[in-house]
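Any read-out appearing in this document is the output of simple, stated calculations on the displayed coordinates, not a laboratory observation. Note that the coordinates shown come from a computational prediction; the quantities given were computed from them, not determined experimentally. Cβ atoms come from the backbone with ideal geometry, glycine included; neighbour counts cover every protein chain shown.
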Amino acid sequence: MTGNALHDKSLLFAVRTVKFCKYLSDTKREFVPSKQILRSGTSIGANIRESKNAESSSDYVHKLSIALKEADETQFWLEVLSLSDIINLDEYDSMNNDLKEIIALLTTIINKIKSKENN
């Protein structure tokens, strides 16, 4: 762990997403949305990690914005699984609460940097 809240939370969420998708395929015999969540849920952390090597502040914001889009997509797929009764409300809330924390951090960081650039 790095001690950076955003990096650490996104890494833990990626690991949790992998385990969640394994549960969905092994226990629920669900394969299509789980593959989408696997892709988007792990992409959040990958884009955040990639942002560490950004070439400029605008490149940094761009990479974090991609992570934010992936987080939003992950929320969509969680909603699909919940509304389809593939996962229960507790499973949905547990994953979604972690995702909300990451989205809040991403939004705050992106807005702060954009605000500094506009001043």
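Is it possible to state the helix-based mean residue ellipticity at 222 nm for the chain, with each DSSP H run of 4+ residues giving -39500 (n - 2.57), the sum divided by total residues, to the nearest 500 deg cm²/dmol? What is it?
-29500 deg cm²/dmol
According to the Cα-based calculation, Rg over Rh for the chain is 1.02, with Rh computed by the Kirkwood formula. The charge dipole of the chain, taken about its Cα centre with unit charges on the Cβ atoms of Lys, Arg (+1), Asp and Glu (-1) only, comes to about 320 debye. With contacts taken as Cα pairs under 8 Å at a separation of at least 6 residues, the chain carries a relative contact order of 26 percent.
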